[in-house]
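Chemist: Below you'll find the structure I mean.
Where a number appears in this text, it was derived from the coordinates with a stated rule and is not lab data. All values derive from a computational prediction rather than experimental measurement. Here the Cβ positions follow ideal geometry from the backbone for every residue, glycine too, while neighbour counts run over all protein chains shown.
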Amino acid sequence: MNLILLGPPGAGKGTQAKMLEEDFGMKQLSTGDMLRSEVKAGTKLGAQAKEIMDRGDLLPDDIIIGMIASRIDQPDCAAGVIFDGFPRTVAQAEALGRMLADKGRPLASVIELVVNEDELITRLNKRVAETKAAGKEVRSDDNEETLRSRLKVFREQTAPITPYYEKAGLLRRIDGMMPIDAVKGEIRSILKGRQSRASAG
Ligand code: ADP
């Protein structure tokens, strides 16, 4: 079963993806995490990515699509993937559609977590404070200025994906302002419904 989690930065996609990995045996693929690993490893891609991420912009579609294409063929993705932070443009969504169709791996659902922007800024500031308090390193794009750019990029380049999946009949919206467990419960019931429909043929 393959799933896309959509939503602005700070909507809670990563938190939910981690729980779904445990409960459904699916693999979370976060393009943001993959890029941060490249930065850490000091690769050429990492150097390019860091500059773009620090501005709050998007990496070129072909780089991201290539990264996902080679990753989803690995054995840990066989039982299903939760795409987190991908696709982020309509071109990425179209490429993913072709990739999955070629492999005969359908998309079960696209779940959008809907959260208002004031709440996203509050959550970011809270996350930064908690990270600092824990003595951990704060992400270099986790500051209010870059977040505002990330939100603008989200509105302009990522939000247009929603109607794309709505037309395909795959989109489900969840109120991301609810407590974590309530959001989790809703995602779980959507996926259970998909699972039983799939097994019914
Ligand atoms: P966020 O908390 O903003 O959702 P992510 O960890 O998903 O953060 O992504 C951080 C940054 O990585 C983005 O702002 C962007 O620069 C880059 N990035 C991640 N995924 C993609 C993608 N699918 N396409 C292009 N750029 C991406």
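Chemist: Report, for the range 1-149, the % of DSSP beta bridges that are antiparallel, rounded to 5. Don't skip to the end; give the middle numbers.
Modeler: Details: 0 of 12 bridges.
In the range 1-149, approximately 0 percent of DSSP beta bridges are antiparallel ones.
Chemist: What ranking do 140-151, 122-133, 9-20 get when scored by the average of other Cβ atoms within 10 Å per residue, highest first?
Modeler: 9-20, 140-151, 122-133
Chemist: Could you run the Debye sum over the Cα atoms of the range 159-198, one equal point scatterer each and no solvent, and tell me log10 of I(q)/I(0) at q = 0.22, 0.24 Å⁻¹, two decimals?
Modeler: Here the Debye-derived log intensity ratios amount to -0.83, -0.89.
Chemist: Counting Lys and Arg as +1 and Asp and Glu as -1, each charge on the Cβ, what is the dipole of the chain about the Cα centre in debye, to the nearest 20?
Modeler: On the way: 31 positive and 30 negative charges, 74 e Å.
Value, rounded to 20: 360 debye.
Chemist: Going highest first, how would you order 111-121, 36-46 by mean Cβ packing within 10 Å? Please report the intermediate quantities before stating the final value.
Modeler: Working: 111-121: 17.3, 36-46: 13.4.
In decreasing order of mean packing, 111-121, 36-46 become 111-121, 36-46.
Chemist: Using only the alpha-carbon atoms of the range 99-145 as identical scatterers, what base-10 log of I(q)/I(0) does the Debye formula give at q = 0.23, 0.31 Å⁻¹?
Modeler: Log10 I(q)/I(0), no solvent term: -0.81, -1.14.
Chemist: Measure nothing but the geometry: give the 0 to 90° angle between the long axis through the Cα atoms of 117-133 and the longest principal axis through the Cα atoms of the chain, rounded to 10°.
Modeler: Around 60 degrees separate the two axes.
Chemist: Let me make sure I get this right: for the range 27-100, a, b and c are the square roots of the gyration tensor eigenvalues over alpha carbons, sorted descending. Under 1.5 in a/c it's rounded, otherwise prolate if a/b > b/c, else oblate. Which is it? Mind dumping the intermediate values first?
Modeler: Details: a/c = 2.09, a/b = 1.40, b/c = 1.50.
Cα axes put the range 27-100 in the oblate bin.
Chemist: So, one more: Roughly speaking, what is the centre-to-centre gap between the range 76-120 and the range 169-201 when only Cα atoms are used, to the nearest Å?
Modeler: 14
Chemist: Once every DSSP H run of n ≥ 4 in the chain is given -39500 (n - 2.57) and the sum is divided by its residues, what mean residue ellipticity at 222 nm do you get, rounded to the nearest 500 deg cm²/dmol?
Modeler: Details: 9 runs with 114 residues, N = 201.
Taken over the chain, the calculation gives -18000 deg cm²/dmol.
Chemist: Could you state the angle between the C-alpha long axis of helix 144-153 and the longest principal axis of the C-alpha atoms of the chain, as a value from 0 to 90 degrees rounded to the nearest 10?
Modeler: The answer is roughly 40 degrees.
Chemist: Once all Cα-Cα distances of the range 70-184 are split into 5 Å bins that start at 0, what whole-number percent is in each one?
Modeler: Histogramming the range 70-184 at 5 Å steps yields 2, 9, 15, 19, 17, 17, 13, 6, 2, 0 percent.
Chemist: Kindly express, to the nearest 10 degrees and within the range 0 to 90, the angle between helix 180-199's C-alpha long axis and the longest C-alpha principal axis of the chain.
Modeler: On a 0 to 90 degree scale, this one is about 30.
Chemist: Considering amide H positions built from the backbone, and no H for Pro or chain starts, which residues 5 or more places from V81, or on another chain, come under 5 Å of its amide H?
Modeler: Answer set, sorted by chain and number: N2, L3, K27.
Chemist: I would also like to ask the following. Defining a contact as two alpha carbons under 8 Å apart and six or more residues distant in sequence, what relative contact order in percent does the chain show? Intermediate values should be presented prior to the final figure.
Modeler: Values: 247 pairs, mean separation 64.1, N = 201.
Answer for the chain is 32 percent.
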